[in-house]
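See below for the structure under consideration.
The values are calculated or read from the model by the stated rules, or taken from the named source; none is laboratory data. Values in this document were obtained by computation on a predicted structure and should not be read as measured data. Cβ atoms come from the backbone with ideal geometry, glycine included; neighbour counts cover every protein chain shown. Note: areas computed on protein heavy atoms with side chains; ligands, DNA, RNA excluded. Shrake-Rupley method; radii C 1.70, N 1.55, O 1.52, S 1.80 Å.
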Amino acid sequence: MRQISSMLQGLARSMSLGKERKEAEEPQGTVLRSSGTLWGEGSETFAAACSRRGEKGTNQDTSIVWEGYGCQDDTIFCGVFDGHGQWGHYVAKAVRESLPQQLLCRWQEAVALTSLIDGEKRLGDCQFDLLRQSYLAAAAAVDEELRRSRRLDAVNSGCTALSIVKQGDLMVVANVGDSRAVLATTSDDGDVTAVQLTVDFKPDLPQEKARIIQCEGRVHCLDDEPGVHRVWVPHRDAPGLAMSRAFGDYCVKDYGVISAPEVTQRRITARDQFVILATDGQTDHSWQHLGQVWDVLSNEEAVRIVAATPDREKAAKRLVECAVRGWRRKRRGVAVDDCSAVCLFFHSPAP
């Protein structure tokens, strides 16, 4: 009950700041938008982020860590965003800035309304449901915002978005696209094991492919890319999108590509050590650049790399460097793509 009271107080403080903030104003709390580290005040959380530009020019990956999310000391928002297409870097940054704010606004309204109608007991029972509905509404608003934007051309460009909100021991994960969240937890025999928390939304997944085909889109591989399934419009070979969910990409939004996130939850226990959020990269048939972390590292390898890094501040950087080395070793002659990772640790290190 104390956690619920803290949440109400934090949301009330945040709401009292006014809903009419200008976009240029900084959100309340501490925000990291580049490679670096961030300690969570009022909790034991620690985040390390790293983004590395690939060999194709502009870095289209970006990330955010927002400690004190919603003016709550025990709440943190983390996200990674993987842009693709000519203007993908602009789309990724726009989603990075808009999604946390849109989510917070809708979450505040849902919490306030529920607490007024049913009180704190009801609020505690439906905490995840409120966040899930808020995530879905926020994602729809962000995608519509991009569609109406006069500053961005997101018809043939877009981005994925993988984010988490951790409040106390509740972690809510929302995924749009093919980035991945992997949890490191301790097994009964004391080993650190990997638990994949998200689905890679590729076009060949049965439920994704069925939706695309029902909307008259096409899913198939190019002859020189066996195993790489892409989304195409009905009567021409375009755009060849290698994921089934994304923000932007309006050229295929009428053909089954959606921006709705899959939203799941997990209660963090003493056994759970950290979570990795990392981009998959974009397999781009026109540029011949291929993706990163999860293309060359398994879930178990990524967890072992982070767990074996003695300095937590270097965990995300080491993971990215290992992915780059792995790609150059396994995919010689193919240019390395952009890569971003956020490692969120749940507990203070043992003395």
| remark: The answer for the stretch 31-342, accessible area per residue at 1.4 Å probe in Å², is 41 Å²
| remark: note: the stretch 31-342, Cα-Cα separations exceeding 29 Å make up a percent value of 34 percent
| query | Looking at this model, which pairs from K93/K209; K93/K317; K202/K253 are more than 26 angstrom apart at the alpha-carbon? | reply | K93/K209
| query | Of the heavy-atom accessible surface of the stretch 31-342 (probe 1.4 angstrom), what whole percent is carbon and sulfur? | reply | 47 percent
| request: Arrange the peptides 65-75, 267-277 so that the one whose residues have, on average, the most other Cβ atoms within 10 Å appears first. | output: 65-75, 267-277
| Over all distinct Cα pairs, what is the inverse of the mean 1/r for the stretch 178-222, reported as the Kirkwood hydrodynamic radius in Å? | 13.0 Å
| Hey, what do the phi angles of the stretch 60-77 turn into as Karplus ³J(HN,Hα) couplings, whole Hz, using 6.51/-1.76/1.60 and θ = phi - 60°, x for Gly and Pro? | 9, 9, 8, 8, 8, 10, 10, 8, x, 4, x, 6, 10, 5, 9, 10, 9, 10
| remark: Counting only DSSP loop positions in the stretch 97-176, the trypsin sites (Lys or Arg not before Pro) whose Cβ has at most 16 other Cβ atoms within 10 Å are R150, R151
| field | Within the stretch 144-278: Cβ-based charge dipole about Cα centre, in debye rounded to nearest 20 (Lys, Arg +1; Asp, Glu -1) | value | 580 debye
| What order do you get for 252-262, 83-93, 191-201 when each peptide is scored by the mean count of other beta carbon atoms within 10 Å, highest first? | 83-93, 252-262, 191-201
